[in-house]
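A quick write-up on the structure given underneath.
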Amino acid sequence: MTQSLYDIHPPRPQLAPALIDMMSKTETATIGHILHDGFCDPAIAPVVPGCHIAGTAFTIRIPGADSATLHYALGMVRPGDILVIDRAGDDSHACWGGVVTVAAKLAGVRGAIIDGRATDFAEIRKHEMPVWCRGTSSKTTKFVGLGGAINVPVSIGGVAVHPGDGIIADENGVVVLKPDIIDPLCQQAISMQENEASVLARLRAGEQLADISGARAMVEGR
């Protein structure tokens with residue numbers, strides 16, 4: 001490979017299994033009650049309904065119509081990794097389809113987040129491969145020698161992603177988490193999720209949401 005065209009780096013260490021387990025129990029919308037940053041453009045949406053994945057970011061940057069870098073990355077990726085694919089502004093070519101789905105599945109890839117388009121949605125759903133993207137396209141990438149990068153900082157849906165970052169993706173969207181905040185953040189989020197049953201019970205018992213949440217006290221200046 002020509003170094004000037006292809007910038008290839010080894011993957012960063014995977015997140016600890018305990019952290020990934022916590023992330024897998026955390027909903028992106030719950031994190032949305034806590035954080036303002038780290039959320040990808042909601043136009044990056046799931047292809048397979050009901051998927052929820054959590055894992056370590058394995059980043060890829062693919063320029064324009066060239067997908068050689070993605071094919072190369074499938075020989076480097078580790079079981080449990082989440083492929084995070086920066087399309088460098090291309091919103092026309094689909095870099096992911098049925099064959100890539102099977103290759104990724106066999107490599108143990110947990111899922112893919114694509115800031116661009118994919119194709120062969122029926123095959124992606126058939127193989128139950130969790131993919132988030134900006135929609136479908138019948139125009140696909142080729143091997144044209146434009147170059148690319150693996151395991152470098154990328155931009156996905158307006159969010160900077162570094163190799164080794166934590167990724168949580170579900171039906172509500174995609175959130176990127178720096179490793180050092182995952183433990184306290186997910187603990188807080190899981191606690192909030194567990195508390196939701198209590199809130200619903202209080203609502204059904206006749207209490208007002210504004211009293212339960214503290215909104216009334218804030219608005220009325222108590």
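The values are calculated or read from the model by the stated rules, or taken from the named source; none is laboratory data. Every value quoted in this text rests on a predicted model; they were computed, and no experiment measured them. Counting neighbours? That spans all protein chains shown, and the Cβs are built from the backbone with ideal geometry, glycine included.
Some points to look at:
- Consider region 53-66 and keep the residues that are part of a loop (DSSP other than H, G, I, E, B) and touching a Ser or Thr at 6+ places or on another chain (Cβ under 7 Å). The one that is modelled with the lowest pLDDT is ALA65.
- Region 57-82 residues that are under 16 Å from VAL99 (Cβ atoms), paired with ones that are surrounded by fewer than 22 Cβ atoms within 10 Å (Cβ to Cβ) and at pLDDT below 95 (beta carbon under 6 Å, 6 or more apart): ALA68/PHE143
- Any hit, region 160-170, residues being assigned to a strand (DSSP E or B), at positive phi and surrounded by 12 or more Cβ atoms within 10 Å (Cβ to Cβ): no
- Helices (runs of 4 or more DSSP H) wholly inside region 67-146 that include at least 1 residues being aromatic (Phe, Trp, Tyr) and either touching an Asp or Glu at 6+ places or on another chain (Cβ under 6 Å) or crowded, with 24+ Cβ neighbours inside 10 Å (or both): none
- If the condition is being within 33 Å of the chain's Cα centre (by Cα) and either more than 30 Å from ILE113 (Cβ to Cβ) or of a type in the set (Asp, Glu) (or both), then region 171-206 contributes GLU171, ASP180, ASP183, GLU194, GLU196, ALA197, SER198, VAL199, LEU200, ALA201.
- Close pairs from region 155-181: first basic (Lys, Arg), partner surrounded by 20 or more Cβ atoms within 10 Å (Cβ to Cβ), Cβ under 9 Å, at least 6 apart: LYS178/GLY38; LYS178/ASP165; LYS178/GLY166
- Hey, LEU209 over 25 Å from the mean Cα position of the chain (by Cα) and surrounded by 18 or more Cβ atoms within 10 Å (Cβ to Cβ) or not: no
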